[in-house]
Structure formats: C-alpha cells, structure tokens
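J.: Starting off with a structure, shown below.
The values are calculated or read from the model by the stated rules, or taken from the named source; none is laboratory data. Keep in mind it's a predicted model, so treat the numbers as computed, not measured. Neighbour counts are summed over all protein chains in view; Cβ atoms, including those assigned to glycine, are modelled from backbone coordinates with ideal geometry. Just so you know, the surface numbers come from the protein's heavy atoms only, side chains and all, with ligands and any DNA or RNA stripped out. Shrake-Rupley method; radii C 1.70, N 1.55, O 1.52, S 1.80 Å.
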Amino acid sequence: MREDNNRAADNNEPTGNAGAGEAVLEPGTARHLFLAVIITSFIGPFAGSGINVAVPAIGQEFGASANDLSWVVFGYLLGAAMFTLPTGKLADILGRRRVYHMGQWLFSLTFLAGAFATSIEMLNVIRFIEGSVMSLIFGPGMALLVSSHPPTERGRVIGYSAASTYSGLSLGPVISGFLCELTGWRSIFVATAAVVLISIWMLRGISQEWYGDKGARLDVKGSLCYMLAAPTLLYGLAEINSSELGKVVLALGVLGMLAFAFIEYRVANPCLDIRIFKGNRVFTFSNLAAMLHYSATFAISFLMSLYLQIVLGFSASMAGGIILLQPVVMALLSPKAGALSDRIHPGKVASVGMGITCLGLLLMSFLNGGTPIWQTGLILMLVGLGFALFSSPNNNAIMGAVSPKYYGTTSSLVSTMRLFGQSISMALVTMLLAWCGVQSLTGSDNVHLLPAIQVIFRVFCALSFIGIGFSLARNK
C-alpha cells in the first residue's frame, strides 16, 4: 500500500474525494507556510511545558490549592486530547489551511485572555480552552507541511517540525522562568500570544487550500464518543494508583474507546477510518511503535531531575542544564534524521533510532550515586540521538503509508499517540514508585528512591525493546 500511495503522491494524483491530494506550492510561498507551521510547532509545546515554572507564582497570587494548580497543567493536556483527532477530520472536510488559520487566531486570543485571569478557576477554564484550540493547529499542521512539499522533501520538513517541537519543550521552562522572574507570570501568556501572531503574519497571502474529504459530513456520533472516552482514559491513567475510582474511570475509558472503534467501523464518513489499519502493516506498526516510544521516554526528564537533585544533590539549575543535553541533541539532529529517511527507508532508520534509545534506557538503569556526571551526560545525549533517529523517520513512515486523503486525520493521530504515550509514561512512574515503597520525593530519608528509578528505567527499556519489534515488523 505504501508504494501505491507514494506513487500517487509522486504524480500529484488525487486519491479520494475531489480536492484530495497534494498541491505543491511555489518555493517562496512554501517557505512562508513552512515557517508558520514551524513557529506553532514550537509554541504549542512551549505553552505546555513553560507554564510549569509559573505554577508557584500563580498559586501564591490566587492562594490556590495543590489540586487546583495541577489543573493548570492537566487541563491543557486534557483539552488537547479531547479534540485533536476530531479536528484532524474537520480539517480534511473544511480545508486544512482554513482550520489551521482559525486555530492560530483562537490560540493567540485565548492566551491573551489567560494574562487577564482573575481567579484560579478562570485560569483553569482558559487553560482547557487553550489545549482545545491548540488541536486546531496540531491536527492539520503536519498535514499542511506534507501536502505543500514534494514527497522527496517530506522527511526533511517533518524533521524540522520535530526539532521545533523539542526546542519548545526544552526552552519552555527556561524562557518562561526568565519572563516570570522579570515581569510576572502573566507575561508568559502575552509573549505566547505575540509569537503566534508572527505565525499568522507568515500565512498571509496564501489562498491555496488542501482537502482530504471535501463536502463530507462530520461524524458527530463518533467524535462525541471519542471526546468522552479519550479524557476519561487519560484521567484514569493519571489516577490509577491514587484510588479505586481511578481504576473504574480507566475501565470506562477503555470501554469508551472500544465503542468508538465499533462506531467508526460502521459509519459512512468516520472521524477515524479504522479500515486504514487493515492490511497496512507500516501504518499500524508505526503508530504502535510511536506510542511505545513515548511511553518509554516521556518521563526521562522527570526521573533524571529526581536522580540529579535528590540522589546526587545538584541544584535545580545545574540539573536542568544537564537534562537539557537530551532535547538539544534531538533538536539538532531531527532535521538530518528526517532528510535521511527521504533517502533510506524510514522504517529502517526509525528502528535503528529505537534500538539506540533502548540501549540508553538500559544504561540509565545502572546509574547510581557514584556515576560520573560526564557519563550521565553522554547517556542523555545517546537517548537524544536515538529519539531523533526514531521520531522524524517514524512520522515520515506514517504519513507515507496513507493516501493524501487521510493526511489531516493521520496528522492528528500522530499527536494522539504522543499524548497517550506521555500519559502512560507518567502513570507507570507513579505506579512503580509506589510499588517500590517510595513514600516521599523529599530526599534524604528515602532509601528506596534510587532503586525505584533503576527499576523504572528497566521497565522503560523493556517497553522500548517491544517497540523495536513493532518497528522491525513493519519493514517486512
């Protein structure tokens, strides 16, 4: 199927409804669209990670409880998870550029509104809305890049998008901390809104539109089912170790996702066409490999922060500088890895990347109180190399495994796999810390913390090893 789809893409042949297919832009216009998407690829993760450093200041101003403050972060993730998949389909129906442009304006306006929040309740509602409208950007974003560039450049532009995403994740806390300290936490929201306006300006004058399913009816029943099931599943994962209610909610989320799959298989114009998985080994196994990879790697920075600060006694700034080595390598090498996957089968490049990640996680499981810091830094850089070689080529393989008709939905699915993988990663950390007898993260009185970190990295290594199997299986 991949060869057939790529052949159609190479010839710029529509593969689906009228309006489906790729319309490659002139170099100058393509550059403007490319820059617009790169900026939003940076600012979305920046907005998610950067607000973490402002949480203490927000709590102090509003006198908010720890539970209320947790929703400043979790509400953003929940909103994104609820809407990312349906908005991908909406973009295929209404036009990817149109939906993306609408998302840019709404994202900028909601972040500007966040700067004027008068209570923690108001801020949490705004954060949920910010995550929701962010899906209008991330849903069609990668689809726009792929649709507006020739197939021979697909891996390269995806690589730059990935590099921008990793840069946003890593620089978010640094830049936001600087803004928070100088001008207060509200300036983070103002600066984010201003940067999105630059992206809007870059998109000016581009009238070309890309469709995947122009004129189709939106699958309301399936979309609503997903929008209920996805946050239920994520909330259940987050609370599975806290109470029995978490397990019940998780079970309801799983049942909801099964109901969603059943609905999608039967409707005429599904939100997610389940049939694209059938017989499409590359697409199916690439998505499973992505979810496993994020499950095995997302919590690395959290665990390394505990290791460096509590076990080794480094300051927060020193620990942050060391941890930054991983995303820096990821950001530097992702474009090159993406370009490499344009010349070599992307599934093979991604498999090598996951193998390197697996090795890095194994080495992390042997970290102890006497490990030289230079070794720790090299291991983090090794994981960064593995992540770079996996992520962009894997996304290239996913986008190359479907016809242009499904680019919007597939772009959203990639983001959905990332969100679920991240949630699984943190749920495993919470569960395994408790299983290993860790009662506190404050440090000196807790002798179980280091052994627990080692156990968690071994579990992550095992997940990554399973992911290698899926990654290799798609190449057959």
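J.: Test each condition in (1) open to solvent by 30 Å² or more (accessible area, probe 1.4 Å); (2) part of a helix (DSSP H, G or I) for Arg204 and report the one that comes out false.
T.: Among (1) open to solvent by 30 Å² or more (accessible area, probe 1.4 Å); (2) part of a helix (DSSP H, G or I), the lone unmet condition for Arg204 is (2).
J.: Please tell me if Leu385 is part of a helix (DSSP H, G or I) and open to solvent by less than 10 Å² (accessible area, probe 1.4 Å). So that I can check it myself, show each step before the final result.
T.: On the way: part of a helix (DSSP H, G or I): yes; open to solvent by less than 10 Å² (accessible area, probe 1.4 Å): no.
Considered against the rule, which asks whether it is part of a helix (DSSP H, G or I) and open to solvent by less than 10 Å² (accessible area, probe 1.4 Å), Leu385 comes out as no.
J.: Hey, among the residues in region 335-348 that are under 21 Å from the mean Cα position of the chain (by Cα), open to solvent by 10 Å² or more (accessible area, probe 1.4 Å) and of a type outside the set (Gly, Ala, Ser), which one's farthest from Met399 (Cα to Cα)?
T.: From region 335-348, those under 21 Å from the mean Cα position of the chain (by Cα) are 335-339, 341, 346-347; that's our starting set.
Pick out the ones that are also open to solvent by 10 Å² or more (accessible area, probe 1.4 Å) and you get 335-336, 339.
Subsequent filtering for residues that are of a type outside the set (Gly, Ala, Ser) retains 335-336.
Numbers: Pro335: 16, Lys336: 18 Å.
It comes out as Lys336.
J.: With the requirement that a residue be free of Cβ contacts under 8 Å to residues at least 12 places away in the same chain, part of a helix (DSSP H, G or I) and either open to solvent by 40 Å² or more (accessible area, probe 1.4 Å) or under 18 Å from Leu85 (Cα atoms) (or both), what does region 227-247 give you?
T.: Correct list: Glu239, Glu244, Leu245, Lys247.
J.: Now, a different point. Of the numbered conditions (1) surrounded by fewer than 24 Cβ atoms within 10 Å (Cβ to Cβ); (2) under 23 Å from Gly386 (Cα atoms), Phe178 fails exactly one; give the number of that condition.
T.: If we test Phe178 against (1) surrounded by fewer than 24 Cβ atoms within 10 Å (Cβ to Cβ); (2) under 23 Å from Gly386 (Cα atoms), just (2) comes out false.
J.: Just need a number here: residues in region 215-226 that are part of a helix (DSSP H, G or I), buried (at least 20 other Cβ atoms within 10 Å of the Cβ) and in contact (Cβ under 8 Å) with a residue 40 or more places away in the chain. Even if it seems obvious, please write down each step before you answer.
T.: Just the residues of region 215-226 that are part of a helix (DSSP H, G or I), to begin with: 220-226.
Adding the requirement that they be buried (at least 20 other Cβ atoms within 10 Å of the Cβ) leaves 222-223, 225-226.
Subset that is in contact (Cβ under 8 Å) with a residue 40 or more places away in the chain: 222-223, 226.
So the answer is 3.
J.: Between a first residue in region 43-58 that is on the phi > 0 side of the Ramachandran plot and open to solvent by 10 Å² or more (accessible area, probe 1.4 Å) and a second residue that is at pLDDT 80 or above and in a helix (DSSP H, G or I), which pairs have beta carbons less than 8 Å apart while being 6 or more apart in sequence or on different chains?
T.: Correct list of pairs: empty, since none qualify.
J.: Working only within region 333-382, note down all residues that are part of a helix (DSSP H, G or I) and aromatic (Phe, Trp, Tyr).
T.: As a first pass, look at region 333-382 and keep what is part of a helix (DSSP H, G or I): 333-343, 346-364, 373-382.
Across region 333-382, the qualifying residue is only Trp374.
J.: Related question: Examine region 66-74 for a residue that is touching a residue at least 60 places away in the same chain (Cβ under 8 Å), touching a strand residue (DSSP E or B) at 6+ places or on another chain (Cβ under 9 Å) and closer than 23 Å to Met227 by Cβ, and state whether such a residue exists. Reasoning before the result, please.
T.: Here is the first cut: in region 66-74, the ones touching a residue at least 60 places away in the same chain (Cβ under 8 Å) are 74.
Those still in the list that are touching a strand residue (DSSP E or B) at 6+ places or on another chain (Cβ under 9 Å) too: none.
No, that holds for no residue.
J.: Name the one entry in Thr118, Thr110 that is at pLDDT 85 or above and not in a helix (DSSP H, G or I).
T.: On the way: Thr110 fails: not in a helix (DSSP H, G or I).
After applying the criteria, what remains is Thr118.
J.: Hey, Ala163 hits all of (1) surrounded by 21 or more Cβ atoms within 10 Å (Cβ to Cβ); (2) not in a helix (DSSP H, G or I) but one; which does it fall short on?
T.: So the condition that Ala163 fails would be (2).
J.: Would you confirm, using the coordinates I've provided, whether Gly353 is open to solvent by less than 10 Å² (accessible area, probe 1.4 Å), farther than 18 Å from Phe42 by Cβ and of a type in the set (Gly, Ala, Ser)? Don't jump to the end; show me each part of the working.
T.: Working: open to solvent by less than 10 Å² (accessible area, probe 1.4 Å): yes; farther than 18 Å from Phe42 by Cβ: yes; of a type in the set (Gly, Ala, Ser): yes.
For Gly353, the condition - open to solvent by less than 10 Å² (accessible area, probe 1.4 Å), farther than 18 Å from Phe42 by Cβ and of a type in the set (Gly, Ala, Ser) - is met.
J.: For Ile137, are the conditions met, namely being open to solvent by 10 Å² or more (accessible area, probe 1.4 Å) and more than 22 Å from Leu340 (Cβ to Cβ)?
T.: The answer is no for Ile137.
J.: Here is a further query. What is the residue count in region 271-304 for residues that are open to solvent by 40 Å² or more (accessible area, probe 1.4 Å) and within 22 Å of Met426 (Cα to Cα)? Talk me through it step by step, then tell me what you get.
T.: Let us first name the residues in region 271-304 that are open to solvent by 40 Å² or more (accessible area, probe 1.4 Å), namely 274-275, 277-279, 281, 285, 288, 291, 298, 301-302.
Cutting the leftovers down to within 22 Å of Met426 (Cα to Cα) gives us 288, 291, 298, 301-302.
Here the count works out to 5.
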